[in-house]
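What follows is a short report on a single structure.
The values are calculated or read from the model by the stated rules, or taken from the named source; none is laboratory data. Keep in mind it's a predicted model, so treat the numbers as computed, not measured. Note that each Cβ is placed from the backbone with ideal geometry, even for glycine, and that neighbours are counted across all protein chains shown.
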Amino acid sequence: MAEGIGIGRKATLLETSEDDLSRLLRVNVQGAIVSVQAAADMLSESAGCAILISSDAGIAGEQSIGAYSVTKAAVNMAGKMLALDLAPRGVRVNVVAPGDIVPGMRTMVHVGESERPPDDHLSWPIPPLGRYGIAEEVAATVLFLASNAASFMTGGVHLVDGGMRAGIRK
């Protein structure tokens with residue numbers, strides 16, 4: 001598992017080892033919270049904002065990536081609690097929850113694998129909009145939430161998923 005904005009493991013929650021679970025929680029949840037805590041004073045001085053990166057798997061869990069889904073659901077709630085904590089200081093906190101973005105998390109692998117094949121996304125279901133997302137679409141959402149145009153938005157979880165979590169499709 002590579003570390004960055006988040007890490008993942010392709011395993012059900014029951015199949016996830018204690019070590020992998022601890023690492024997922026430490027990086028995905030604790031890392032997000034501690035980063036905002038560390039920046040809180042600086043954000044308060046500039047009436048800034050914090051944007052956490054989650055996943056649509058934190059909205060509707062995916063059994064095949066159970067622990068990852070649990071950690072991203074926790075990031076969603078952490079964003080809401082941090083928004084409440086920082087609102088009196090004029091700091092906004094929002095969460096962006098991407099869906100299937102090509103090429104995807106190259107490190108979301110089964111135990112024993114080191115990287116997903118480049119064409120792994122071809123096995124994913126197609127979102128209702130008829131295509132996968134791209135990184136620039138997630139970046140544009142982050143940019144909007146960081147802008148003055150979003151000055152009255154805080155505590156939200158914003159999906160960038162092509163409609164995948166809108167509901168059950170026929």
Looking at the structure I just gave you, is Val91 over 30 Å from Leu129 (Cα atoms), surrounded by 22 or more Cβ atoms within 10 Å (Cβ to Cβ) and modelled with pLDDT of 95 or more?
yes
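Having 2 or more residues that are surrounded by 19 or more Cβ atoms within 10 Å (Cβ to Cβ) is the bar; report the helices (runs of 4 or more DSSP H) wholly within the range 10-88 that clear it. Walk me through it before giving the result.
Details: elements: 18-24, 31-46, 66-86.
Qualifying helices (runs of 4 or more DSSP H): 31-46, 66-86.
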Looking at the range 98-133, which of the residues that are loosely packed, with under 13 Cβ neighbours inside 10 Å and outside any loop (DSSP other than H, G, I, E, B) is modelled with the lowest pLDDT?
Leu122
The range 134-160: number of residues that are modelled with pLDDT under 95 and in a loop (DSSP other than H, G, I, E, B)
0
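Residue-by-condition table, conditions (1) at pLDDT 95 or above; (2) under 23 Å from Arg89 (Cβ atoms):
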{"residue": "Lys10", "(1), (2)": "no, no"}
{"residue": "Glu18", "(1), (2)": "yes, no"}
{"residue": "Leu25", "(1), (2)": "yes, no"}
{"residue": "Asn28", "(1), (2)": "yes, no"}
{"residue": "Gly31", "(1), (2)": "yes, yes"}
{"residue": "Ser44", "(1), (2)": "no, yes"}
{"residue": "Ala50", "(1), (2)": "yes, yes"}
{"residue": "Ser54", "(1), (2)": "yes, yes"}
Test Ile53 against the criterion of being within 25 Å of Ala140 (Cβ to Cβ) and out of contact with any Leu (no Cβ under 6 Å at 6 or more places or on another chain), and give yes or no.
yes
